[in-house]
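Asks: Starting off with a structure, shown below.
Each value in this text was obtained by applying a stated rule to the coordinates, not by laboratory testing. Quick caveat, the model's predicted, so the values are computed rather than measured. Ideal geometry is used to build each Cβ from the backbone, glycine not excepted, and the neighbour counts take in all protein chains shown.
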Amino acid sequence: METDRADNYASLDDKALGLAFRNGDAQAFEEIVRRYQGRLYGAAYRITGNREDALDVVQEALMKVYTKIAAWKPTGGFLAWMTRLTTNQAIDLVRSRKRRHHESLDEGFLSGTAATPLIAPAVDSQSLAQLHELEAHIRKGLVHLSPMQRKVFVARHFEESSLAEIAEDLNCSVGCVKVHLFRAVQKMRTHLKPLEPDR
C-alpha cells in the first residue's frame, strides 16, 4: 500500500506535487525532499562553493518550503520557487561571511562529483587556484547587486535558466530581464576589474 502511494507521488509533476503539499498532504513533502534535494544542493553549492555550507543552506531552504508553502503561488513554477528560496538563503550566507577568507573547495568540487562549478577547472594548479579565486570574487560580488539584478544573474548563470523562463518566474517581460541582466553583468565586471592582469 505504501509502495502504491509512493508511486502515486512519483507520477505527479512539480506543480501537482506542490499543490498536494500546499493542500495539507504532509507525505507529499517526503517526495519533495527526495526529488529535489540534490538539485537544490547543486544550486546552493554553486553559490557557497563549500559542501557543509551548501548542506546547511538546503536544510534551511527545505524548512522554509515546509513553513512557507502557503506563500507559493500556483501560477508560478514550484521548482523555481524552491530554487529561489535556496539561492536567496545561500546568498544571505555568503553576505554574512563576506569578510572571511574563502575556504578551499572540497574534494567533490575538484573531482567533478559535485555540482558543476560556474567556471570549469583548469589543468595546472596555478590556473586552478586563479579560477578558484575568481569564483570566490563572483560569489562576493553578488551582494553588490540589487535584489532584482541578483535574481536574474543567479537564475541565468547559476541555474542556467533561459531568459523566457526567468521572465515567467519573475512575472516581467524578456526585455526587462535583459536590462537587469545587462546591469548585473556590468556591476560584476566592475567588481572583478582588480583581478584583470596588468598589461
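Asks: Applying 1/(1 + (r/R0)^6) with R0 = 22 Å to the Cβ-Cβ distance of residue 178 and residue 95, what FRET efficiency is obtained, to the nearest 0.05?
Replies: It comes to 0.30.
Asks: Tell me the Kirkwood radius of the stretch 145-199: reciprocal of the mean inverse pair distance over distinct alpha-carbon atoms, in Å.
Replies: Hydrodynamic radius (Kirkwood, Cα only) of the stretch 145-199 equals 11.7 Å.
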